[in-house]
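Comments concern the structure below.
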Amino acid sequence: MIKIENMDAWGFEHAVRGMRNPMNSWDKSDSFNYGGSFILGKKDLKLMRKLIKAGNSHRKFLRQIFVSMDITAPLYWWKEFDTYKIGTTTNSCSTMHTIHKKEFTIDDFSCEHLFMESLMTLSKIVNVLNSYRNDYLAKNDYLAKKEDKNDWWQIIQLLPSSYNQKRTVTINYENILNIVEQREDHRLDEWYLFIKALKNLPYTKELFNEENKK
């Protein structure tokens, strides 16, 4: 399971301006703003494709186009996403500080592919987690700032990797290009759905489709 919300892209205008700095070719730019939206011109798009095809050192303008979004996904997916460290920023809901704040339910986990017997096992784990959560809450006096962490440790170390965590993520179009190239045929559904959402961002089809880079 993956849920992507509040997706927003910005930075095209200054990326195009910076892209034309090396050759002082600002007068050839044909992009413009219309009704509050940035319209990428054919000449600028052609140059972008040329620079993308030329390789990483030539397509620096991609790192100046940013995307922000809220992503809710299982920990096993986040573990793979965290390989994209450069140019990415994330703020997550903390499992360390807030894992005990609400009761666990099956809906907190990605379990759409589980067999019935596996789903029953997950249900039992959820019950165990809630038992430790209740014990933790009963034993700790937050006003006195005293904490018995034994039950908390049971939750943290027993928590399945299918647990869904929400993060607010900022990445750039260079990250997106790498993700599309490296993860498009990945076996996890989450990658397929994430890339599908990325391809709906402004001009990704025009920039990243292989036939358009020629």
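Things worth noting here:
- Peptides 168-175, 68-75 ordered by average Cβ neighbours within 10 Å, highest first: 168-175, 68-75
- Shape box of the chain [Cα atoms, principal axes, largest first, Å]: 70, 43, 33
- The range 44-146 - Kirkwood radius from inverse mean 1/r over Cα pairs (Å): 18.3
- Residue-averaged [θ]222 nm for the chain, counting only DSSP H segments that reach four residues, each worth -39500 (n - 2.57): -12500 deg cm²/dmol
- Here the range 100-158 yields Rg over Rh of 1.08, to two decimals, using C-alpha coordinates and the Kirkwood radius.
- Label zone (residue 181, point 7 Å along Cα-to-C-beta; backbone nitrogen cut-off 17 Å) within the range 35-61: 48-61.
- Within the same chain, lysines fewer than 8 places from residue 43 are excluded, and of the rest, those with a Cα less than 30 Å from its Cα are 28, 53, 60, 196, 199, 205, 213, 214.
- In order along the range 31-36, the phi-based Karplus estimate (6.51 cos²θ - 1.76 cosθ + 1.60, θ = phi - 60°) of 3J(HN,Hα) comes to 7, 7, 9, 9, x, x Hz; Gly and Pro are listed as x.
- Calculated FRET efficiency for the pair residue 115/residue 68, C-beta based, R₀ 41 Å, to 0.05: 0.65
- Counting lysine pairs in the range 100-158 that sit 8 or more residues apart in sequence, or on different chains, and whose Cα atoms lie under 22 Å apart gives 11.
- For the range 28-127, the set of GluC sites (Glu not before Pro) satisfying both a DSSP loop assignment and a count of at most 12 other C-beta atoms within 10 Å is given as 103, 112.
- Within the range 29-135, trypsin sites (Lys or Arg not before Pro) in DSSP loop having at most 10 other beta-carbon neighbours inside 10 Å: 85, 101, 102
- Leading residue at positive end of dipole, the range 100-158 (Cβ point charges), from 106, 153, 130: 153
- Nearest-20 debye value, the range 100-158 charge dipole, Cβ charges on Lys, Arg, Asp, Glu: 280
- Proximal aspartates and glutamates relative to residue 166, as straight alpha-carbon distance under 12 Å, when same-chain residues fewer than 8 apart are discounted: 5, 70, 108
- Legend: calculated FRET efficiency, residue 34 to residue 86, from the Cβ-Cβ distance at R0 = 45 Å, rounded to 0.05, equals 0.85.
Readers should treat all values here as calculations from the given coordinates under stated rules, not as data from a laboratory. In this text, all values refer to a predicted model and were calculated from it rather than measured experimentally. Using ideal geometry, Cβ is built from the backbone for each residue, glycine included, and neighbour counts are taken over all protein chains shown.
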